[in-house]
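Q: Starting off with a structure, shown below.
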Amino acid sequence: DTEVTQTPKHLVMGMTNKKSLKCEQHMGHRAMYWYKQKAKKPPELMFVYSYEKLSINESVPSRFSPECPNSSLLNLHLHALQPEDSALYLCASSQVGGAGELFFGEGSRLTVL
Amino acid sequence: GDSVTQMEGPVTLSEEAFLTINCTYTATGYPSLFWYVQYPGEGLQLLLKATKADDKGSNKGFEATYRKETTSFHLEKGSVQVSDSAVYFCALRGRAAGNKLTFGGGTRVLVKP
């Protein structure tokens, strides 16, 4: 099983809403990532979890709150977002250490009204 | 820091034409190199990879060779199909602790019948 599964695929929310994006993998990877991708741009790293602990936060605003409940799951909690936060949010996983590839999910397309 | 430069698109080709997308990189040490592909409305898929100098990655008719002397990892395909229309990202990942995946800007390829 080489899949990273993200839900929901599409999400529309108002600026006062609270919502969550979910990501799941069963490849035994202990590193998980959140990326943000705007149209016609490469993905930008937001957060990295290593062994369920937050290891990298790329100065992401606090309205984005990541959570890694266990080694297979990764959540991104969203609150008080702005319209400019509308983007494709990608989850990825990999082995910890080394220089191996990241496996990406299909993404959650977020629209903030 | 690490960086990846790839040719800007869009690249427009006719079916069965030869495709080449240039990619050069700057990195310390010996990174792994990747090509990811993103089809319209989808997430990123690993197309091919190379982990050391002179390695050739190949998949679905695409090839790329890790050239340390020219710090390049150009992507080639001898005969493209309409289904190859996508955005292609060159990327590298170093071997140091906290190693991130560094993307190039992406190249949009459009294959016309």
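Q: Give the lysines whose C-alpha is closer than 17 Å to that of A:Lys38, dropping any in the same chain fewer than 8 places away, or say none.
A: A:Lys9
Q: Still on this model: Direction-averaged shadow area of the convex hull around the Cα atoms of chain B, nm²?
A: 6.7
Q: Taking all protein chains as present, what is the carbon and sulfur share of the accessible area of the range A:40-101, in % to the nearest whole number, probe 1.4 Å?
A: Answer for the range A:40-101 is 49 percent, counting heavy atoms of protein chains only.
Q: Using a 1.4 angstrom probe, figure out how much accessible area the range A:55-96 has per residue, in square angstrom, rounded to the nearest whole.
A: So the range A:55-96 comes to 41 Å² accessible per residue, rounded to a whole number.
Q: Hey, another quick one. Using θ = phi - 60° and the Karplus form 6.51 cos²θ - 1.76 cosθ + 1.60, what ³J(HN,Hα) does each residue of the range B:106-113 get, whole Hz, x for Gly and Pro?
A: Computed from phi, the couplings for the range B:106-113 are x, 10, 7, 10, 10, 10, 9, x Hz.
Q: With labels modelled as points extended 7 Å from the Cα through the Cβ direction, what inter-label distance (nm, one decimal) is found for A:Leu54 paired with B:Ala96?
A: Computed distance between label sites A:Leu54 and B:Ala96 equals 2.4 nm.
Q: OK, next. For A:Ser108, what charge total do you get from the other residues with a beta carbon under 9 Å from its beta carbon, if Lys and Arg give +1 and Asp and Glu give -1?
A: Net charge in that neighbourhood comes out at +2.
Q: Could you run the numbers on buried accessible area between B and A, total for both chains, 1.4 angstrom probe, in Å² to the nearest 100?
A: 1700
Q: Per residue in the range B:64-113, which ones lose no less than 10 Å² of accessible surface when going from chain alone to all protein chains (1.4 Å probe)?
A: Buried by the other chains: B:Phe89, B:Arg93, B:Arg95, B:Gly98, B:Asn99, B:Lys100, B:Leu101, B:Phe103, B:Gly105, B:Arg108.
Q: A further question follows. By a straight-distance test (C-alpha under 15 Å), which aspartates and glutamates pair with B:Lys56 as possible cross-link partners, with residues fewer than eight away in the same chain excluded?
A: Output for B:Lys56: B:Glu69, B:Glu76.
Q: If you don't mind, another one. Using the Karplus curve 6.51 cos²θ - 1.76 cosθ + 1.60 with θ = phi - 60°, what ³J(HN,Hα) values do you get for each residue of the range A:28-37, in whole Hz, with x for Gly and Pro?
A: x, 6, 10, 10, 9, 9, 10, 10, 10, 10
Q: When ligands, DNA and RNA are left out and all protein chains stay put, how many square angstrom of accessible area per residue does chain B have with a 1.4 Å probe?
A: Here the residues of chain B average 48 Å² of exposed surface.
Q: Test of understanding: extend the Cα→C-beta vector of A:Lys40 to 7 Å, then name every residue of the range B:89-113 with backbone N under 18 Å from that spot.
A: Within reach of a label on A:Lys40, which here means backbone N under 18 Å from a point 7 Å along Cα→Cβ, the range B:89-113 contributes B:89, B:104-111.
Q: Moving to a separate point now. Can you pull the one-decimal nm distance between simple spin-label points at A:Ser65 and A:Arg30, each 7 Å off the Cα toward Cβ?
A: 2.8
Q: Want the number for B:Thr20 to B:Leu110: 0.36 nm per residue separation, take away the alpha-carbon distance, what's left?
A: Contour length minus Cα-Cα distance gives 31.1 nm.
The values are calculated or read from the model by the stated rules, or taken from the named source; none is laboratory data. Just so it is clear, the structure is predicted and the values come from calculations on it, not from any experiment. Neighbour counts are summed over all protein chains in view; Cβ atoms, including those assigned to glycine, are modelled from backbone coordinates with ideal geometry. All accessible areas refer to the heavy atoms of the entire protein, side chains included, with ligands and DNA or RNA removed. Shrake-Rupley method; radii C 1.70, N 1.55, O 1.52, S 1.80 Å.
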